Amino acid sequence: MNKQVRIYDTTLRDGTQGEGVSLSVDDKVKIARKLDELGVHYIEGGWPGSNPKDMNFFDKVKELDLQNSVITAFGSTRRSGIKASDDPNLNRLIQSGVKAAAIFGKTWDFHVTEALQTTLEENLQMIYDSILFLKEQGLEVIFDAEHFFDGYKNNEEYAIQAILKAQEAGADCITLCDTNGGSLPKEIEDIVKDVKEKVSTQVGIHCHNDGELAVANTLSAVRAGASHVQGTINGYGERCGNANLVSLLPNLQLKMGYSCIGSDPMQELVSISKFVHEIANQVPASNQPFVGNSAFAHKGGMHVSAVLKHPETYEHIKPEVLGNKRRVLVSELSGQSNLMFKAEEMGLTLDKNDPKVKEIIEKIKEMENLGYHYEAAEASFLLLVKKLLGEDITFFELDHFKILTDKESSDELTTEAVVKVKVNEEVVMTAAEGNGPVNALDHALRKALGEFYPVIHKMYLSDYKVRVLDEGEATASKVRVLIESSDGRNTWSTIGVSGNIIEASWHALVDSIRYHFMKQDEELEIIKKDTVKPPVGVNNH
Ligand SMILES: CC(=O)SCCNC(=O)CCNC(=O)[C@H](O)C(C)(C)COP(=O)(O)OP(=O)(O)OC[C@H]1O[C@@H](n2cnc3c(N)ncnc32)[C@H](O)[C@@H]1OP(=O)(O)O
Ligand SMILES: CC(=O)C(=O)O
């Protein structure tokens, strides 16, 4: 049996009801294009009766040549006491030019009397009239039965009456909504089963995540017979969000065997999740299931040892099928397996039985005890390993540096750094200004080294983070400095730890520069082997 589930994405409507999420029309169009590539069946674009931006979206999206998705507009049943044909909201749904509309209506008696402040009978009539009106205009109509599960638990007879009204009016799909997000998977499953016995129309599910069960509840509804699934990319949505489609899709398709989207688009899940986070200006959670950076990151030595033998020992699914990848972290919790994996990844030849392996692991643990955190600074980790293996990755040595910060009466704060370094037995001293001590040091060091290694000008610092390690010591605390650097193509992270923030920054800075020189050196070797001229500015020291 080919089990099918229709995927209904509401990132552009319910997703934008999430705090901090605001999308421009262009953002919405870009996301719609991606969702179509992903192969969702419906894209709910917004509420045309709510604001001009959403109406604008429906105009713009017509220009896209969508291949897979039907654009849907959202609205509500007519206002109480007026004709459906006179309701501005319903009319805007038609004016938006969509082929499908989703309207929500009340199915919980409490909401009818308290929120709508109308009679139970009038609400049923509102549902009926609104759906009929849209059907008469030739639209496919999805009825979102708002608060259905709470309604069913409080007044089952009325909740069922409400959805039967929607069916009678010709709704194409009745979506049962756990609007307050408080239901449990077993309740959802039992209620959906009961509904499936009572209605012949397609049943859908729309769950909120207030009990952190939106995905589980949605899967329970599907088990009970729901075949239309609503959710949002990354789970954005009102309050705690909606069912996360990024988790639902692999669960439904790869674990439960439902056909939702193709297997090729499934491999784009990581990239789509990141794309939407980026456009919505949201910071992705590293531990986001399936697609997060840490979703397949193994840290404990025991885990790494087993994963290297058989990945399925600690992985519930293959990362590649979602476009993700396996990572191994190095820390004080590492064993030799972590080191061997990293060494291979970094192109180092290391024999598992070499006594150096144990020495390196011990050194890592010792350094982490001092406050180093190598999983966040892989470039420093590589330099440490190379040094312990006896490779010369020094490039230059510090003779000394001095920093002078001057606060003038004019309130101007100036910082100067003087750096004396030794390169190939030659001593060079430079001075430079900066907007702070680290910046001044960076400038002075670049001046000093630029003469010997012009490639230094190809790199720049892209991020600088400081963390106080033992807050109890107040200004005498130890600090950890993490520096991220880039050459425009690659980025790398380095670390320094000290009781003095300038010294910690110096260590991180020096590691960053050494790593860059080392990489340029390796690149030069490769280029030389390919008998191509070295890039301009690369020194063969
Ligand atoms: C469960 C969900 O997520 S539903 C979607 C919720 N999303 C949004 O609300 C975002 C978009 N909303 C909006 O832009 C505005 O709320 C609008 C334009 C739709 C309405 O704005 P206003 O007319 O100023 O009304 P307001 O938002 O204060 O109140 C909503 C009104 O709709 C009524 N209403 C609520 N649900 C329904 C319904 N299903 N059918 C008919 N009327 C409804 C309420 O009773 C209330 O009526 P009242 O003004 O007579 O008390
Ligand atoms: C329709 C909808 O968004 C809800 O009931 O949560």
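Assorted remarks:
- Flag if Ile94 is within 14 Å of ligand 2 (Cβ to nearest atom), closer than 30 Å to Lys60 by Cβ and either in the same structural domain as Ala169 (by TED's automatic domain parsing) or surrounded by fewer than 24 Cβ atoms within 10 Å (Cβ to Cβ) (or both): no
- Selection status of Ala224, crowded, with 16+ Cβ neighbours inside 10 Å, touching a Lys or Arg at 6+ places or on another chain (Cβ under 6 Å) and either in the same structural domain as Glu121 (by TED's automatic domain parsing) or closer than 24 Å to Lys255 by Cβ (or both): yes
- Top-ranked residue in region 253-303 [being part of a helix (DSSP H, G or I) and among the hydroxyl-bearing types (Ser, Thr, Tyr); ranked as nearest to Lys342 (Cα to Cα)]: Ser271
- Of all residues making up region 483-503, the number that are farther than 16 Å from Leu441 by Cβ and not charged (D, E, K, R): 9
- Filter result for the condition that a residue is surrounded by fewer than 24 Cβ atoms within 10 Å (Cβ to Cβ), aliphatic (A, V, I, L, M) and more than 16 Å from ligand 1 (Cβ to nearest atom), over Leu249, Leu219, Leu254: Leu254
- Residue match in region 475-491 (condition: assigned to a strand (DSSP E or B) and free of Cβ contacts under 8 Å to residues at least 24 places away in the same chain): yes
- Phe275 within 20 Å of the chain's Cα centre (by Cα), surrounded by 22 or more Cβ atoms within 10 Å (Cβ to Cβ), closer than 19 Å to Lys34 by Cβ and not assigned by TED's automatic domain parsing to the domain that holds Val330: no
- Residue match in region 395-417 (condition: within 30 Å of Leu348 (Cα to Cα), at pLDDT below 90, assigned to a loop (DSSP other than H, G, I, E, B) and not assigned by TED's automatic domain parsing to the domain that holds Ile360): no
- Here the condition is being hydrophobic (A, V, I, L, M, F, W, C), buried (at least 21 other Cβ atoms within 10 Å of the Cβ) and either under 25 Å from Thr313 (Cα atoms) or out of contact with any Cys (no Cβ under 8 Å at 6 or more places or on another chain) (or both); of Ile403, Ile393, Ile364, it holds for Ile364 alone.
- Inter-residue pairs, beta-carbon under 7 Å, first assigned by TED's automatic domain parsing to the domain that holds Gly46 and in region 60-71, second of a type outside the set (S, T, N, Q) and modelled with pLDDT under 95, 6+ apart: none
Residue by residue, here is whether (1) of a type in the set (Gly, Ala, Ser); (2) touching a Lys or Arg at 6+ places or on another chain (Cβ under 7 Å); (3) more than 27 Å from Pro250 (Cα to Cα); (4) part of a helix (DSSP H, G or I) holds:
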{"residue": "Asp27", "(1), (2), (3), (4)": "no, no, no, yes"}
{"residue": "Ile31", "(1), (2), (3), (4)": "no, no, no, yes"}
{"residue": "Val40", "(1), (2), (3), (4)": "no, no, no, no"}
{"residue": "Lys60", "(1), (2), (3), (4)": "no, no, yes, yes"}
{"residue": "Arg78", "(1), (2), (3), (4)": "no, no, yes, no"}
{"residue": "Leu90", "(1), (2), (3), (4)": "no, yes, yes, yes"}
{"residue": "Leu93", "(1), (2), (3), (4)": "no, no, yes, yes"}
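- In this structure, Phe149 does not qualify as of a type outside the set (Val, Ile, Thr), part of a strand (DSSP E or B), within 16 Å of ligand 2 (Cβ to nearest atom) and within 38 Å of the chain's Cα centre (by Cα).
- For the residues Leu329, Leu333, the requirement of being modelled with pLDDT of 95 or more and in contact with a Gly (Cβ under 6 Å, 6 or more places away or on another chain) singles out Leu333.
- Each residue in region 164-185 was checked for being part of a loop (DSSP other than H, G, I, E, B) and at negative phi, and 7 pass.
- Residue check, Gly204 touching a residue at least 60 places away in the same chain (Cβ under 8 Å), within 16 Å of ligand 1 (Cβ to nearest atom) and under 29 Å from Leu120 (Cβ atoms): yes
- Yes/no for Glu136 being free of Cβ contacts under 8 Å to residues at least 24 places away in the same chain, under 20 Å from Cys173 (Cβ atoms), more than 16 Å from ligand 2 (Cβ to nearest atom) and surrounded by fewer than 24 Cβ atoms within 10 Å (Cβ to Cβ): yes
- Scan region 8-45 for residues that are closer than 11 Å to Thr232 by Cα, within 16 Å of ligand 2 (Cβ to nearest atom) and in contact with a strand residue (DSSP E or B) (Cβ under 6 Å, 6 or more places away or on another chain) and the total you get is 10.
- Candidate set: region 222-235, residues that are within 19 Å of the chain's Cα centre (by Cα) and either within 16 Å of ligand 1 (Cβ to nearest atom) or of a type in the set (S, T, N, Q) (or both); chosen: the one farthest from His208 (Cα to Cα): Asn234
- Criterion: among the acidic types (Asp, Glu), surrounded by fewer than 17 Cβ atoms within 10 Å (Cβ to Cβ) and at pLDDT 95 or above - qualifying residue of Asp27, Asp59: Asp59
- Of all residues in region 304-354, those satisfying the criterion of being among the hydrophobic types (A, V, I, L, M, F, W, C) and either outside any helix (DSSP H, G or I) or free of Cβ contacts under 8 Å to residues at least 12 places away in the same chain (or both) are Ala306, Ile317, Val328, Leu329, Val330, Leu333, Met346, Leu348, Leu350.
The values are calculated or read from the model by the stated rules, or taken from the named source; none is laboratory data. These numbers come from a predicted model, not from an experiment. Please note: Cβ atoms are built from the backbone with ideal geometry, for glycine as well, and neighbour counts cover all protein chains shown.
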